[in-house]
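To start, the structure under review is shown below, and the notes come after it.
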Amino acid sequence: MTLLLVGTFAFTLLGFFLIFLDPESINYSSRHSWIMRPIPRFLAGLFFVIFFGFTLIMMMIRLFNKNPGLIINEKGIYDNSSAFALGFIPWKDIKDIKIVNINNGKFILIVVRNPTEYLNKTTQWLKLRVLKMNYRYHGTPICLSANSLQMEATNLCSLLGEKRNEYKVQ
């Protein structure tokens, strides 16, 4: 998480450099020099500042947040692991728990019996888009990233499976 924080900070800083620094000597004869012209450079810098700046703020909030990212008890799972978390998921709704690799990162999929009900819970536009994308590609809107938690993904998946069997509700 700290490494990701450093990376987003670097890209945000790069965005500010692209916006405010004007290089004195540019050879515009190169076919790749169009990116260093004022308007494309400004737009690229603006994109970096907006996207990575937002990500930086969200990661800092998550990093310094003292609330647990995931609470597992006899009633179910309370997910607070990301900005797109859905909150409480009762054990009776959980059909399966799987681990998948997506872009060299391990994610835990919580397959629920009623995914459209979970999609209808949220009113935030961006969060709804992300949840729908998760549902379309993985068959469930609930996708936990172990990067924001202090536990290895395989260990967390095993723990969730054990707790699901322990607290199983028919």
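The values are calculated or read from the model by the stated rules, or taken from the named source; none is laboratory data. This structure is a prediction, so every number in the text was calculated from the model and none was measured. Positions of Cβ are generated from backbone atoms using ideal geometry, with glycine treated the same way; all protein chains shown enter the neighbour counts. Protein only, heavy atoms only, side chains kept; ligands, DNA and RNA dropped before computing areas. Shrake-Rupley method; radii C 1.70, N 1.55, O 1.52, S 1.80 Å.
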Item to check | Accessible area expressed per residue, the chain, with surrounding protein chains retained (probe 1.4 Å, Å²) | outcome: 66 Å²
Checklist entry - Spin-label point model (7 Å from Cα, Cβ direction): what's the Tyr167 to Lys95 distance in nm? => result 2.1 nm
Checklist outcome for this item: Per the charge dipole of the chain (beta-carbon charges, Lys/Arg positive, Asp/Glu negative, Cα centre), the residue among Phe16, Pro40, Phe64 reaching farthest to the positive end is Pro40
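Determine the relative contact order of the chain: mean sequence separation of Cα pairs under 8 Å and six or more apart, normalised by residue count, in whole percent. Each step should come with its number before you reach the end.
Working: 206 pairs, mean separation 31.3, N = 170.
Relative contact order of the chain: 18 percent.
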Checklist entry - DSSP H helices in the chain with Cα extent of 18 Å or more along the helix axis and mean Kyte-Doolittle hydropathy at least 0.0? => result 2-20, 38-64
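Taking the Cα centre of segment 74-161 as origin, sum charge times position over the Cβ atoms of Lys and Arg (+1) and Asp and Glu (-1), and report the length of that vector in debye to the nearest 20. Before the final figure, lay out the partial values.
Details: 11 positive and 6 negative charges, 63 e Å.
In total the dipole reaches around 300 debye.
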Item to check | Distance histogram in 10 Å bins (all Cα pairs of the chain, percent per bin) | outcome: 9, 29, 29, 16, 11, 5, 1, 0
Checklist entry - Given Thr122, Cys143, Asn165, which one lies farthest toward the positive end of the charge dipole of segment 112-170, if we put +1 on the Cβ of every Lys and Arg and -1 on the Cβ of every Asp and Glu? => result Thr122
Next on the checklist: Going through the cross-link list Lys132/Lys168; Lys106/Lys132; Lys75/Lys95; Lys66/Lys168; Lys132/Lys163; Lys66/Lys132, which pairs have a Cα-Cα distance over 25 Å in this structure?
Outcome noted: Lys132/Lys168; Lys66/Lys168; Lys132/Lys163; Lys66/Lys132
Checklist outcome for this item: Counting sequence-distant residues (5 or more places) and residues on other chains, those with an amide H built under 5 Å from that of Phe88 are Asp79
Checklist outcome for this item: Cα pairs beyond 21 Å in segment 92-170, in percent, come to 32 percent
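Show me the three semi-axes of the equivalent ellipsoid for segment 100-140, from the C-alpha gyration tensor (sqrt of 5 times each eigenvalue), largest first, rounded to whole Å. Mind dumping the intermediate values first?
Working: eigenvalues 75, 33, 10 Å².
One finds semi-axes of 19, 13, 7 Å for segment 100-140.
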Next on the checklist: Please report the net charge: other residues with Cβ closer than 14 Å to the Cβ of Ala85, K and R +1, D and E -1.
Outcome noted: +2
Checklist entry - Where the only charges are on Cβ atoms (+1 Lys, Arg; -1 Asp, Glu), what is the dipole of the chain about its Cα centre, to the nearest 20 debye? => result 440 debye
